[in-house]
Every structure is written in structure tokens, then in C-alpha cells.
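Step one of this worksheet: look at the structure below.
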Amino acid sequence: MKGRLREPSVSLLEDAGLGPEVPGERALAFPCRNAPVDVLLVRAADVPEYVQDGVVDCGITGADLVRERGANVTELLRLGFGACTLEAAVPEESPIETLAELAGAAVATSYPHLTRQVLLEREIQCELVDVTGSVEVAPRLGLADAIVDLVSSGSTLRTNGLRSLGALFSSEAVLIAREEGEHATRLAGILRSVVEARQNRYLMLNAPRESLDAICALVPGSRAPSVLPLAEEGMVALHALVPAQDVWMLLPRLEAAGASSILLVPVERMIS
Ligand code: AMP
């Protein structure tokens with residue numbers, strides 16, 4: 001994992017207690033603190049082969065690259081970062097409006113294997129034009145009618161006057177291994193506890209006992225909340241795990257339902 005996955009990968013290892021022994025070092029390989037794990041930093045596109053050939057026990061790379069390289073590896077865990085989608089796009093002025101209308105079109109991509117697979121799954125037959133970079137200029141150069149490329153913010157498409165026809169594949173960083181061996185399974189368990197923890201927050205609040213039902217109804221996604229009596233008569237404290245993505249809309253609703261002294265804290269590990 002080099003390139004755009006490098007920083008978030010190293011930070012995941014750090015949060016899991018497996019950070020580099022010498023922090024901040026820009027080395028291509030480093031031993032971890034606290035654990036007998038050696039980390040090798042290589043291009044994300046090379047990771048599937050390294051894992052498949054047994055050079056390393058596990059690898060972190062993009063799910064798109066695992067499919068593109070056709071590597072014989074097992075995906076152990078989705079890591080919650082490096083999200084992007086493989087999308088088909090055409091010039092703004094193109095008459096093509098839907099993915100199905102790509103049938104028979106010339107499509108430029110630097111992900112030919114993955115593109116062929118996902119178009120075949122949708123029974124769309126195109127002529128693929130393999131390019132190694134600057135895919136987004138291919139229609140302007142007259143090389144293709146459309147492109148298939150990775151999109152994260154969408155700004156590259158917009159800057160190049162391209163209109164998305166939709167996503168063909170959703171990718172994110174994944175942990176892969178050749179097989180579910182002892183080392184790989186143990187590392188996957190450690191990383192899973194951090195990935196799940198990052199997706200949640202620990203919520204603590206005080207409320208009048210009569211507001212409890214209304215407040216519990218607002219946190220239905222959480223595991224059974226803990227309700228503790230407070231020294232103040234008629235008041236209780238409620239603790240619950242809530243999805244991080246729901247927090248922005250949850251807090252005002254909790255306040256409106258009578259919650260006070262609301263505390264929201266990050267979770268470091270979750271082991272179910
Ligand atoms: P954006 O403008 O943020 O949509 O990014 C699109 C550009 O970044 C395209 O040139 C893509 O090829 C490249 N890109 C986006 N996401 C990834 C990714 N996860 N891995 C490699 N390249 C990517």
C-alpha cells in the first residue's frame with residue numbers, strides 16, 4: 001500500500017497498536033512496535049500478486065485492483081477508507097444517456113479486466129480501448145466514445161466535461177490474504193475491532209425517567225442501551241453505542257426529547 005492508500009493504512013495500523021517502530025520514517029519497510037509484524041510498502045497495484053505468491057501473509061490494497069489483477073486471494077475485511085467507484089462517463093454533449101446505450105461504443109479505460117467483467121455482468125458489449133493514463137482525455141482525442149475510470153470526488157470528470165452514466169463497481173481498501181491462515185486471521189481480527197470502532201460513537205446522556213421511551217426510540221440502531229439511576233430523583237443516565245454517521249441528526253433530536261449533559265466519545269476497539 002503506497003500512494004493514496006499509504007497514509008490511511010499506516011494510521012489504521014497505528015490505531016491497532018501496530019505502528020512503525022520508528023514513527024514518521026519514510027522507509028519502504030518497517031517492523032511494528034509491540035508485535036512481530038513486518039510491514040512492506042509497495043505499490044497498491046502490486047499487492048495482489050505479492051499476497052497471491054506468498055511473499056507476504058496479508059496485504060492492503062483497493063478492491064478494484066484485486067479484481068483488475070485477477071489475483072487468487074481472499075478478501076478478509078473491508079477497511080472503511082479509500083472509497084471510490086468505477087464509473088462510465090461520456091462527453092457532456094454525447095447522445096448516450098444510460099449504461100445500456102454503451103453497447104457497441106468504444107470505451108477507453110486503464111482497468112480493462114475489471115471493466116470487461118462488470119460490463120459482461122450487465123450484458124453490455126463494448127469495444128475496450130486500453131490506455132495507461134489520462135483516460136479522461138480519450139474522447140476528446142477521438143480515441144473513444146466513453147471512458148470507464150475510478151471516481152472519488154467527481155472533480156476530474158467535471159473538469160474534463162464528462163458526464164457520469166453511473167457506477168459499475170464500488171471499491172474501498174481491503175485486507176487480503178492467500179488463505180485464511182493463522183497469521184492472517186489474527187491480523188484481520190485486530191484490524192476489524194478498529195474498523196468497527198471507528199464507525200461508532202459512545203453516547204452518554206442524562207434524562208428524566210419519563211423521557212426514556214422517546215429517547216430509546218431515537219437510538220434503535222444501537223445495541224441495548226444501559227440505563228443507570230442517578231442520585232437526582234426521577235433522572236437516569238443512558239449509555240448507548242450509535243453509528244457515527246447518524247450523530248449529526250441524532251443530537252438535536254435527543255435534546256428535543258429531553259436529553260441533557262450529552263457526551264459523545266470515540267470508541268477505540270469493538271470486539272463482539
Ligand atoms: P476525482 O477527481 O476525485 O473523482 O478522482 C478521479 C481521478 O483520481 C481519476 O484520474 C482516477 O483515476 C483517480 N482515482 C480516484 N480514486 C482512485 C483510487 N482509489 N485509486 C487510484 N486512482 C484513483
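Bear in mind these aren't lab numbers, they're just calculated from the coordinates by the rules spelled out. Keep in mind that this is a model prediction, so the values were computed, not measured. Heads up, the Cβs are rebuilt from the backbone with ideal geometry, glycines too, and the neighbour counts pull from every protein chain shown.
Whenever a residue of segment 168-185 is within 25 Å of ALA89 (Cβ to Cβ), its partners that are among the aromatic types (Phe, Trp, Tyr) and surrounded by 13 or more Cβ atoms within 10 Å (Cβ to Cβ), lying with C-beta atoms within less than 6 angstrom and at least six residues away or across chains, give the pairs ALA173/PHE81. Would you call GLU179 among the charged types (D, E, K, R) and in a loop (DSSP other than H, G, I, E, B)? It is true that GLU179 is among the charged types (D, E, K, R) and in a loop (DSSP other than H, G, I, E, B). When the residues of segment 135-162 are narrowed to those that are more than 11 Å from the ligand (Cβ to nearest atom) and free of Cβ contacts under 8 Å to residues at least 24 places away in the same chain, which ends up surrounded by the fewest Cβ atoms within 10 Å (Cβ to Cβ)? Among those that are more than 11 Å from the ligand (Cβ to nearest atom) and free of Cβ contacts under 8 Å to residues at least 24 places away in the same chain, it is GLY142. Scanning segment 50-92 for residues that are touching a residue at least 40 places away in the same chain (Cβ under 8 Å) and among the charged types (D, E, K, R) gives ASP57, ASP64, ARG67, GLU68, ARG69, GLU75, ARG78, GLU87, GLU92.
Kindly indicate whether THR98 is under 20 Å from the mean Cα position of the chain (by Cα) and either more than 12 Å from the ligand (Cβ to nearest atom) or of a type in the set (A, V, I, L, M) (or both). In short, no.
If the requirement is being polar (S, T, N, Q) and in contact (Cβ under 8 Å) with a residue 60 or more places away in the chain, which of these qualifies: ASN206, ASN200? Talk me through it step by step, then tell me what you get.
On the way: ASN206 fails: in contact (Cβ under 8 Å) with a residue 60 or more places away in the chain.
Going through ASN206, ASN200 in turn, just one is polar (S, T, N, Q) and in contact (Cβ under 8 Å) with a residue 60 or more places away in the chain: ASN200.
Here's a check for you: in segment 163-174, which residue that is near the ligand (Cβ under 10 Å from one of its atoms) and not hydroxyl-bearing (Ser, Thr, Tyr) is nearest to the chain's Cα centre (by Cα)? Taking the candidates together, the pick is GLU172. Taking segment 115-134 as the range and being in contact with a Leu (Cβ under 8 Å, 6 or more places away or on another chain) and either within 13 Å of the ligand (Cβ to nearest atom) or outside any helix (DSSP H, G or I) (or both) as the test, the residues that pass are THR115, ARG122, ILE124, GLN125, CYS126, VAL129, VAL131.
Does ALA71 satisfy being more than 16 Å from the ligand (Cβ to nearest atom), closer than 29 Å to ARG192 by Cα and buried (at least 17 other Cβ atoms within 10 Å of the Cβ)?
Here the answer is yes, as ALA71 does meet what is asked.
Taken as a whole, the structure leaves GLY104 outside the set of residues that are in contact (Cβ under 8 Å) with a residue 12 or more places away in the chain, in a loop (DSSP other than H, G, I, E, B), of a type outside the set (A, V, I, L, M, F, W, C) and surrounded by 14 or more Cβ atoms within 10 Å (Cβ to Cβ). Of the strands (runs of 3 or more DSSP E) lying entirely inside segment 192-272, those containing at least 2 residues that are exposed (fewer than 14 other Cβ atoms within 10 Å of the Cβ) are 226-229, 260-266.
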